[in-house]
Amino acid sequence: MLRYLCAGESHGPQLTAIIEGLPSNLPVAEETINVDLARRQGGYGRGGRMLIEKDQVEILSGVRWGKTIGSPVTLAVKNRDWENWQEKMSPYERHQNDKIRVTRSRPGHADLPGAMKYDHRDVRNILERASARETAVRVAVGSVAKSLLAQFGITVNCFVAELGGIVAQRPNLPLQNLVEMAARSELYTYDAVAEAAMKEHIDRMKAAGDSVGGIVQVVVSGIPAGLGSHAHWDRKLDSRLACAVMGVQAIKGVEIGCGFDAARLPGSKVHDEIYYDSARIVKGKRTGFYRKTNNAGGIEGGISNGEDIVLRAAMKPIPTLYKPLRSVDIDTKESYEATVERSDVCAVPAAAVVVEAVTAFALAEAMIEKFGGDSVAEMQRNYASYVEYLSEF
């Protein structure tokens with residue numbers, strides 16, 4: 001079973017993740033992970049924290065000479081700002097300066113419900129872990145997962161599909177072209193006209209002390225039919241993906257394929273008709289079955305059907321505003337403006353990278369579940385046997 005556990009606070013010494021269940025001989029390189037960490041820190045509309053941190057991963061266990069050895073892999077991402085927070089975040093002694101405490105919760109954040117749940121009178125004990133800073137190490141984990149998927153020709157790519165109500169129009173081009181276009185975009189989108197409008201909108205919101213949300217899209221290509229299961233709710237592939245994506249900070253909705261539009265259309269416009277062409281197998285496809293549309297987003301009945309997996313996630317605007325909303329002091333119960341923490345105006349491009357990462361991990365988990373194996377070579381043998389079976393179905 002593939003799983004991971006991460007730990008660390010926003011202004012603590014570091015963020016740490018331990019990945020258990022990776023097969024041996026999987027190539028893992030700090031340089032590759034750092035590329036994804038840099039993508040997470042990029043994007044138009046980021047705040048001052050990105051000027052302080054330049055995230056770099058350190059592999060502390062489970063990898064020797066560039067490949068996994070079958071034991072747990074430990075990843076660490078240092079927080080450079082820790083040197084300025086050692087007094088406020090010390091694990092040893094409580095500071096007597098009461099001004100260090102944060103008592104004004106931010107609307108839309110975990111501050112108040114977390115303080116109530118865990119009996120804290122200092123909401124920093126909540127906001128430090130609830131912060132999206134934690135997603136840095138999850139992107140590192142997702143980068144390792146993408147390395148595993150790549151051994152089977154599977155790619156995972158993200159895009160910004162909408163920002164502040166401005167919709168990016170997807171060109172009728174192959175996926176690789178869209179990936180290259182998004183890589184050149186400051187907002188990770190494939191529509192240059194929409195990008196210009198998005199930037200103007202971000203600038204207006206920044207001037208107003210406000211923040212911006214949006215919709216990100218992830219496209220997974222090369223997934224075989226048969227991942228997931230119809231038999232139990234928690235084994236359905238779409239259920240597992242939705243759970244992973246909803247676990248990302250500020251994500252408020254997930255849809256797969258045509259998603260919510262399926263509720264507005266007749267069945268004849270929603271369900272993808274099935275075709276068969278044996279020549280597809282000769283051209284290297286796994287099966288002769290195919291669909292001309294992909295409204296299902298690559299998943300039917302909780303099982304991947306061989307088409308691209310397409311999911312979208314809605315990110316709400318960041319709750320920390322430079323023109324703060326009203327809140328209540330948890331000590332005095334008086335009305336105040338909420339606490340202002342250093343923040344971004346827009347982190348939608350970063351969210352796209354994080355959603356890409358958690359999607360990759362959920363799919364890597366499903367691949368290991370189905371094809372097993374203690375080494376990459378054993379997994380590949382099991383996979384090759386299954387692909388041969390599909391070609392004969």
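Points to keep in mind about this one:
- When restricted to Cα atoms, the stretch 192-324 yields an Rg and a Dmax of 18.8, 61 Å, respectively.
- Heavy-atom accessible area with a 1.4 Å probe sorts 180, 392, largest first, into 392, 180.
- Calculated [θ] (222 nm, deg cm²/dmol) that DSSP helices of n ≥ 4 give over the chain, each run adding -39,500 (n - 2.57): -10000 deg cm²/dmol
- Packing-based ranking, highest mean first, of 208-217, 320-329, 258-267 given that Cβ atoms within 10 Å are counted: 208-217, 320-329, 258-267
- Eligible lysines near residue 117 by straight Cα distance, threshold 26 Å, same-chain separation 8 or greater: 88, 99, 252, 316, 333
- Cα centroid of the stretch 94-173 to Cα centroid of the stretch 251-268, whole Å: 25 Å
- Ordered from largest to smallest accessible area (heavy atoms of protein chains, 1.4 Å probe), the residues 201, 230, 120 come out as 230, 120, 201.
- Counting only alpha carbon atoms, the long axis of helix 192-207 and the longest principal axis of the chain meet at about 20°.
- With a cut-off of 15 Å on the backbone N, the residues of the stretch 198-216 near the modelled label site 7 Å out from residue 323 along Cα-Cβ are 201-212.
- Where only alpha carbons of the chain are counted, the Rg and the Dmax (Å): 22.3, 75
- Working ranking of peptides 101-109, 170-178 by packing, defined as the average number of other Cβ atoms within 10 Å per residue, highest first, is 101-109, 170-178.
- Probe 1.4 Å, accessible area per residue of the stretch 192-305, Å²: 52 Å²
- Using equal-weight Cα scatterers in the Debye expression, the normalised intensity of the stretch 318-393 in log10 at q = 0.13 Å⁻¹ is -0.65.
- Cα gyration tensor shape for the stretch 152-250, rounded if a/c is under 1.5, else prolate or oblate: oblate
- Spatially proximal aspartates and glutamates relative to residue 54 (Cα-Cα < 17 Å; intrachain offsets below 8 disregarded): 9, 30, 31, 36, 81, 83, 134, 344
- Gain upon complete extension [residue 65, residue 263; 0.36 nm per residue less C-alpha separation]: 66.1 nm
- Between helix 30-41 and the chain: long-axis angle, C-alpha atoms, 0 to 90°, nearest 10: 60 degrees
- Reachable lysines, given that their alpha-carbon falls under 22 Å from the alpha-carbon of residue 285 and they are not under 8 places away in the same chain: 146, 370
- Calculated accessible area for the stretch 79-138 comes out at 64 Å² per residue, all protein chains present (probe 1.4 Å; ligands, DNA, RNA ignored).
- Burial ranking of peptide ranges 146-155, 359-368 (average Cβ count within 10 Å, highest at the top): 359-368, 146-155
- Note on the chain: antiparallel DSSP beta bridges, both residues inside, total approximately 95 percent of the bridges counted.
- Mean projection area, nm², convex hull over Cα of the stretch 126-182: 5.9 nm²
- Fraction of accessible area attributable to carbon and sulfur, the stretch 234-393 (%, probe 1.4 Å): 52 percent
The values are calculated or read from the model by the stated rules, or taken from the named source; none is laboratory data. All values reported here derive from a predicted model rather than from experimental measurement. Heads up, the Cβs are rebuilt from the backbone with ideal geometry, glycines too, and the neighbour counts pull from every protein chain shown. Please note that ligands, DNA and RNA were not included when accessible areas were found on the heavy atoms of the full protein model with its side chains. Shrake-Rupley method; radii C 1.70, N 1.55, O 1.52, S 1.80 Å.
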